[in-house]
Amino acid sequence: MRKIQTIALLSVILLAACSQLPVEKPAPLPLAVPSKPVGQIEPVALVMAPVATPAINFSRKLEAASWQDLPGWAEDDLTAAWPGFLQSCRGMASKPQGPVWKRVCQAAKGSDAQNARQFFEANLKPYALLSADGIADGLVTGYYEPLLRGSRTPSPGFEQPVRGVPDDLLTIDLSSVFPELKDKRVRGRLVGSKVVPYWSRAEIAAQGDLLPARTLLYVDDAVELFFLQVQGSGRVKLGDGTMVRLSYGEHNGHPYQSIGKVLVERGELKLEEASMQGIQAWARANPSRLNDLLNRNPSYVFFREVPNNNEGPRGALGVPLVAERSIAIDPRAVALGSPVFLATTRPNSSRAMNRLVMAQDTGGAIKGAVRADFFWGFGKEAGELAGRMKQSGRMWVLLPTEAQAQ
């Protein structure tokens, strides 16, 4: 084991020394589904790419604001945001930001949703979130929890395997030695005494059932399975009506590559067509070319089966997400759990959508100060909305009145 750790450490040191810039997943294309598994820690591909390190010069600004500065604050139904706020309090209790929120969260226990507006205005203060150069507008995309059809056993029409975490997948945490690798994990596999990159998507497909991983389910659609991996969690309905819930288990460590971008570069889709729906339509029209397209993205997500309930999937904060009241953010800009007032527009429209949401998740493509990924919820309608969302938006972070904005 010590030899394995030494090899891994040396590999990372060499890669970090060669790297000049951080490697990050690309942001979603316009109208494209974002590449972010729910609650996923951003992977680092061992040897295949330079180590991803946090941007050294990242910064953002918080400017004191008034409640009147928040467009639509007075009209928002804050009772709908209250359950998510209580979940955030539960999630923040064990986090570094917990002490900052202790008084407010304890006070919330003695209040209720009907008094939400009075509570927030009495206990919190809004701050406009700006980029380091003072820009207030940023990108807002959407994500969701998909529904697929599946079977416990392979059968005609149900042939696409949903893989569990492989037995030979190594996940190496080096943050205790290299603090700059906090929230980063190295994935690989052992060949002899050498740690090498884990198999790519194409290599995993080529191995089939020889891959040392349990097959959890078989689903009926390869492109839907791909988008399940993009979202990172979902539900599968079996033939007898049973609903199986899948959650992110692990990742093969390879960087995400947008297949929508590939189709645009080939001239097979226009930029405005590179949505989830556009990619699905291309796949239906080109079934013989689908596997080649999917393999252009070497990233691969493995799942685990979790108890099925009516709650949303768990985000990076460790609490269930609330449909249309939870967002994913860059935690360098917004502390997980924070209430955020989001002013944006509905997908592919100019119709205002202003509401209080909770920062309860993160994602590989969610980078920057004014950047949010809006959780639309579960199922087909949520997917339609998420797949088309690429809007401009502004954000205000709500902090306890006694907190010092930094």
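Points to keep in mind about this one:
- Segments 166-178, 363-375 sorted - mean Cβ within 10 Å per residue, highest first: 363-375, 166-178
- Multiplying the residue separation of LEU238 and SER288 by 0.36 nm and removing their Cα-Cα distance gives an extension gain of 15.3 nm.
- Straight Cα distances below 28 angstrom link LYS61 to the lysines LYS25, LYS36, LYS95, LYS102, LYS125, LYS182, LYS184, LYS367, LYS390, with same-chain residues fewer than 8 positions distant left out.
- Charged side chains reduced to their Cβ positions (Lys and Arg at +1, Asp and Glu at -1) give the chain a dipole of some 660 debye around its Cα centre.
- Each residue, ARG296 and ARG332, gets one label point 7 Å from its Cα in the Cβ direction; the gap between the two is 2.9 nm.
- Whether the range 221-280 is rounded, prolate or oblate, judged on the alpha carbon gyration tensor where a/c under 1.5 counts as rounded: oblate
- Positive-end ranking of GLY208, ALA333, ASN295 along the dipole of the range 200-339, with charges on Cβ about the Cα centre, is headed by ALA333.
- Taking the C-alpha atoms of the range 127-243, convex hull volume expressed per residue in Å³: 198 Å³
- Square roots of five times the Cα gyration tensor eigenvalues for the chain, Å: 35, 26, 21
- Top positive-direction residue, dipole computed over the chain with Cβ charges, set GLN114, LEU139, PRO96: PRO96
- Compactness ratio for the range 289-406: Cα radius of gyration over 2.2 N^0.38 Å (N = residue count) comes to 1.19.
- DSSP assigns beta bridges within the chain; of those with both partners inside it, close to 75 percent run antiparallel.
- Computed lengthening from GLN277 to ARG351, 0.36 nm per intervening residue step minus Cα-Cα distance: 24.5 nm
- The chain, helix-only ellipticity at 222 nm - DSSP H runs n ≥ 4, -39,500 (n - 2.57), divided by all residues, nearest 500: -7000 deg cm²/dmol
- Note on the range 308-328 and the range 67-123: Cα centroid distance 17 Å, given to the nearest whole angstrom.
- Peptides ranked, highest mean first, by Cβ atoms within 10 Å: ranges 228-237, 84-93, 339-348: 228-237, 84-93, 339-348
- Stretching the chain fully between ASP69 and ARG266 yields a gain of 66.4 nm (0.36 nm per residue, less the alpha carbon separation).
Taken together, the values in this text are just the output of simple stated rules run on the coordinates, not laboratory data. Since the model is a prediction, treat every value here as computed from it, not as a measurement. Don't worry about glycine lacking a Cβ; one is built from the backbone with ideal geometry, like all the others, and counts go over all protein chains shown.
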